[in-house]
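Engineer: Before we start, here is the structure in question, set down as structure tokens.
The values are calculated or read from the model by the stated rules, or taken from the named source; none is laboratory data. The structure presented is a predicted model; accordingly, all values stated were derived computationally and were not measured. Because the Cβ atoms are built from the backbone with ideal geometry, glycine has one as well, and the counts that use them run over all protein chains shown.
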Amino acid sequence: MKIVFLDAGTMGEISLAPIEKYGELVCYPSSDPAQALERVGDCDVLIVNKVRVTAGLIDAAPRLRLICEAATGVNNIDVSYAASKGILVRNVAGYSTDSVVQATFMHILSLAGNAPYFDSAVKSGRYSSGVSFTDVSVPWRELAGKTMGIIGMGNIGRRVASVAEAFGMQVCYYSTSGTSHCQDYPSLPLEELLRVSDVVSVHAPLNERTDGLIGEKQLEMMKPQAFVVNMGRGGIVSESALARAVDEGIIAGAALDVFADEPLLSDSPLLHVRHPERLRLAPHVAWASVEARERLVAMIADNIGKGW
């Protein structure tokens with residue numbers, strides 16, 4: 001059995017040995033559409049992370065019987081066409097929850113604590129050349145007593161809520177599906193959540209209900225000392241509106257791990273703000289702790305091992 005992984009570079013240094021035991025594994029760091037068509041001709045199992053699996057790609061793989069998504073979302077796969085050809089599509093879920101929750105609070109704590117400033121104060125020599133044992137010229141704030149507003153109360157949102165409570169925060173949420181299934185915390189309309197929250201943390205999928213959910217109007221509803229953190233999907237928060245809100249002090253700061261275009265375009269307004277110290281930007285890595293990628297590989301191997 002031949003297994004082809006079209007964008008295995010997304011796994012980094014993680015061993016793929018659990019997958020190799022099921023057949024001949026051929027890995028490509030990345031594949032553009034033309035390369036993908038050339039590489040799937042004799043594969044029985046196809047693994048992809050972000051490569052688009054179109055009807056044309058499926059037709060180019062006459063032996064294909066199983067498509068393994070190296071992620072949770074399968075919006076990059078033509079699932080209907082695969083089903084019409086008798087090809088199974090299997091994804092993985094829950095592998096990155098701990099990773100995303102930790103990354104979320106890494107950014108929140110950095111924003112609230114002004115971590116880059118204080119690090120620079122010491123490493124630059126400013127602290128050593130000063131006369132005081134401390135530096136309180138730039139304030140930092142506690143999370144205790146503040147309100148965490150979560151957009152999307154799925155598995156990750158619930159874990160974020162529990163950690164927020166451990167910091168002494170009050171938690172509320174907005175249900176993007178319109179179904180307030182979580183009874184542990186108050187469910188609020190979006191406008192009210194934005195007005196009362198000190199941190200707004202996004203953990204929702206991108207769909208017709210969330211596309212452009214937070215734009216200029218919504219950001220202007222927020223407290224000037226509030227932060228926005230988007231760990232869901234790019235496109236949920238307007239990047240141009242967010243850049244303006246951060247620069248003009250409409251909100252205190254923001255952190256993004258996801259973007260509308262990935263990689264982030266070089267002319268993105270996020271890369272040209274006047275106050276970059278108010279922004280934390282990461283290249284879509286919240287999902288990718290070492291442990292999360294190890295779990296991901298193991299779960300892909302399990303999906304292959306189930307047969308078809």
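Engineer: Kindly provide the set of residues from segment 69-97 that are in contact with a helix residue (DSSP H, G or I) (Cβ under 7 Å, 6 or more places away or on another chain) and either part of a helix (DSSP H, G or I) or within 26 Å of VAL160 (Cβ to Cβ) (or both), ordered by number. Step through it out loud before you land on a result.
Structural biologist: At the first step, the residues of segment 69-97 found to be in contact with a helix residue (DSSP H, G or I) (Cβ under 7 Å, 6 or more places away or on another chain) are 70, 78, 81-82, 85, 87, 89-90, 92, 94-97.
The answer is ALA70, TYR81, ALA82, VAL92, GLY94, TYR95, SER96, THR97.
Engineer: Return the residues of segment 89-112 that are touching an Asp or Glu at 6+ places or on another chain (Cβ under 9 Å) and either modelled with pLDDT under 95 or not hydroxyl-bearing (Ser, Thr, Tyr) (or both); say none if nothing qualifies.
Structural biologist: Residues satisfying the conditions are VAL89, ARG90, ASN91, VAL92, ASP98, VAL100, ALA103, HIS107, ALA112.
Engineer: Of all residues in segment 24-45, which are under 24 Å from the mean Cα position of the chain (by Cα) and under 20 Å from GLY307 (Cα atoms)?
Structural biologist: If the condition is that a residue be under 24 Å from the mean Cα position of the chain (by Cα) and under 20 Å from GLY307 (Cα atoms), then no residue fits.
Engineer: In segment 18-49, which residues are surrounded by fewer than 16 Cβ atoms within 10 Å (Cβ to Cβ), touching a Leu at 6+ places or on another chain (Cβ under 9 Å) and either in a helix (DSSP H, G or I) or among the small types (Gly, Ala, Ser) (or both)?
Structural biologist: Selection gives SER30, PRO33, GLN35.
Engineer: Counting only residues that are free of Cβ contacts under 8 Å to residues at least 60 places away in the same chain, assigned to a loop (DSSP other than H, G, I, E, B) and not aliphatic (A, V, I, L, M), which one in segment 264-305 is farthest from GLY94 (Cα to Cα)?
Structural biologist: Only one residue fits best here, namely ARG274.
Engineer: Let me ask something else about it. When you scan segment 223-242, do you find a residue that is within 25 Å of PRO189 (Cα to Cα), in a strand (DSSP E or B) and out of contact with any helix residue (DSSP H, G or I) (no Cβ under 7 Å at 6 or more places or on another chain), even just one?
Structural biologist: yes
Engineer: Here is a follow-up. Can you pull out the residues in segment 187-212 that are in a loop (DSSP other than H, G, I, E, B) and either within 17 Å of ALA161 (Cβ to Cβ) or in contact with a helix residue (DSSP H, G or I) (Cβ under 7 Å, 6 or more places away or on another chain) (or both)?
Structural biologist: LEU188, SER197, ASP198, HIS203, ALA204
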